Amino acid sequence: MTTPTDTPADCLGQEFTITREFAAPRELVFQTWTDAKHVAQWWSPKGFTNPVCEWDARPGGDIYVVMHAPNGVRYPMGGQFREVVAPERLVLTTGALDEKGNLMFELLHTVTFVEENGQTTITIRSRVIKTSPGAGKYIGGFEAGMSQSLERLAGRIENLPLVVERSFDAPVAKVWQALTDVEAMRHWFFELKEFRPVVGFEFGFSVEHEGTTFVHRCRVTEAVPQQRLAYTWRYEGHAGDSLVTLELFAEGQGTRVKLTHTGLETFPKTPQFRRANFSRGWTALIGSSLKEFLETK
């Protein structure tokens, strides 16, 4: 890659491609790119803050972010969204603003989100479409700055609840039965001896992973028929306690299920309890096993 100079012609058309994988479903990663509350926590290099973050993620929506450096210098940035295709693709422009609020340069970014086995790979393709004298020093730092921002994003995702959402071609009543009837659960979930959607009911099961048997201990904390089911999720002999919540939403003749797993950060910091394992596991259970059970039975 050539090093930009202060001559606009040397920067115009320059392209960057950055790829990064995250241990989370793409709906969650997409949300961290489109919700201003999330963006304010990661959009800027290490050590920076974003006291102002206006991020209107819709076609034609404006972007205005003021990045605050550790030395106190403020760097305002403007831009606009051109395409928003949830949760697959974003097209947007960004660029630094001078003291009069004019763009010193502008980059066109195409961001794609691809999920596989509960992991999401984002690819950012950026091209300089506008520049001016003196902008080279800013454009030259784009790749490093964005890489640092993505590191911050990875850290933020690690501390967010794990969310998996899927829609099924089945009515709410049938989905609720699949989530609460022990005979149905044995087909797509785990081999349970008994299960009842009653607050306080305790259940358990064992799963072998890479030669180690993990005994799960769970207790139902909420059960609203055909609406919401929640239970604790912990492992016998290991520190940590978490909560799994399943919410059901009617969508015409079908049903959308939203699974939220909170408290993953309380488990031991060992490979067996990596967030990626939970993401892959729930994605397979909700996105594949449950779907197959509901739509083929």
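Multiply the residue gap between ASP98 and THR112 by 0.36 nm, knock off their C-alpha separation, and tell me the result in nm, one decimal place.
Numbers: separation 14, 0.36 × 14 = 5.04 nm, distance 2.96 nm.
Gain on stretching ASP98 to THR112: 2.1 nm.
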Q. Reachable aspartates and glutamates from LYS193, Cα under 13 Å, same-chain residues fewer than 8 places away excluded?
A. ASP181, GLU183, GLU202
Q.
Tell me the net charge near GLN253. Cut-off is 14 Å between Cβ atoms, GLN253 excluded, with +1 for each Lys or Arg and -1 for each Asp or Glu.
A. -1
Q) What full-extension length gain, to one decimal in nm, is calculated for ASP181 and HIS238 as 0.36 nm per residue of separation minus the Cα-Cα distance? A) 17.7 nm
Q: Using the charge dipole of the chain (Lys, Arg: +1 at Cβ; Asp, Glu: -1 at Cβ; taken about the Cα centre), state which of ALA57, GLY118, GLY240 has its Cα farthest towards the positive end.
A: GLY240
Q) Considering the alpha-carbon set of the range 162-296 alone, what are its Rg and its Dmax in angstrom? A) 14.5, 44
Q | Fully extended contour minus Cα-Cα distance, from LYS130 to VAL224, at 0.36 nm per residue | A | 28.3 nm
Q: Report, ordered by chain and residue number, the aspartates and glutamates lying within cross-link reach of LYS46, taken as a straight Cα distance under 17 Å and ignoring same-chain residues fewer than 8 apart.
A: GLU143, GLU151, GLU158
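Rounded to the nearest 0.05, what FRET efficiency is calculated for GLU15 and ARG58 with R0 set to 22 Å and r the Cβ-Cβ distance? Intermediate results must be reported in sequence, preceding the final value.
Values: r = 26 Å, r/R0 = 1.18.
For GLU15 and ARG58, the calculated efficiency is 0.25.
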Q: Would you give the gap between the C-alpha center of the range 120-136 and the C-alpha center of the range 226-297, rounded to a whole Å?
A: 38 Å
Q | the chain: radius of gyration over Cα atoms, expressed as a fraction of 2.2 N^0.38 Å | A | 1.20
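Read the figures in this text as sums done on the coordinates, not as results from a lab. Small disclaimer: the values here were computed from a predicted structure and weren't measured. Counting neighbours? That spans all protein chains shown, and the Cβs are built from the backbone with ideal geometry, glycine included.
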